[in-house]
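What follows is one structure encoded as structure tokens, with my remarks underneath.
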Amino acid sequence: MQFGEGGKDSKLFVHELASVYIRYGQSKGFKSQILESSEGHMIIRFKGANVWKAFEQEVGKHCVQRIGPTETKGRKHTSFVAVAVLPLPEPRLLKPIPENELEITFQRGHGKGGQHQNTTDSACRIVHPRTQLSVFINGRDQHANRRDAIRIITARINQFDQEKKDREYGKKRKVLSKGGRGETDKIRTYNFLKGFAVDHRTGKKTNNIKGVMKGDLNLLM
């Protein structure tokens, strides 16, 4: 969550909206953890069954209309908060690579190792066509070479795929830093002045804005 137009009140609403999500998550049985919190910016991690489905509809700009808690002259404010929902990168565990995705060949070894190494097809080469990664193991034992080559190519493919995911994840996070600066892509309005909340995508409206702020987002679904 990132503050946008509206200055101080927008920053305050970031934390109020965070409380809404934490309470909503609790009602769904999700575990929550605040990963980052600063003035006008928060990152919360939720864990649980179907957690993505529960929060994916929150992506976009949230508008709040009210007399801000710190307002001393009674002026009405319209502020925006940008919300992004992203699946966290998976733990870096090695994912097995099916052998039908690998091109495995054997050939005679070369270099040092003696006559046996140079006269038998013991050296193993593995190519992974999708990533164009390859590994070559040159040793006396064909089975050991094959085993080691598979381990190495598996690690390299996993690293390749993880780096790609990290780049994509980074690009998605940049969307958040660009959001919240106006009414484009506004998905929800919390109008405390008139006592209602409305979801602009579904058109659903509720006069129970207090219930919404207590975490009952089902009122808008």
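Taken together, the values in this text are just the output of simple stated rules run on the coordinates, not laboratory data. Every value quoted in this text rests on a predicted model; they were computed, and no experiment measured them. Reconstructed Cβ throughout: ideal geometry from the backbone, glycine too, with neighbour counts over all protein chains shown.
One table, with the values for the structure above:
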| read-out | value |
| --- | --- |
| Helix 7-27 vs. the chain, principal-axis angle (Cα, 0 to 90°, nearest 10) | 70 |
| Charge-dipole axis of the chain as Lys and Arg at +1 and Asp and Glu at -1 on Cβ define it, positive-most pick from Leu17, Gly29, Gly6 | Gly6 |
| Whole-angstrom gap from the stretch 71-85 to the stretch 1-34, using each part's C-alpha centre | 13 |
| Which label in [x] 0.93; [y] 1.27; [z] 0.98 gives the computed Rg/Rh (Cα atoms, Kirkwood Rh) | [y] |
| Tilt relative to the chain, helix 142-178 - C-alpha long axis, 0 to 90 degrees, to 10 | 20 |
| Of Lys31/Lys186; Lys194/Lys214; Lys31/Lys194, those spanning more than 24 Å from alpha-carbon to alpha-carbon | Lys31/Lys186; Lys31/Lys194 |
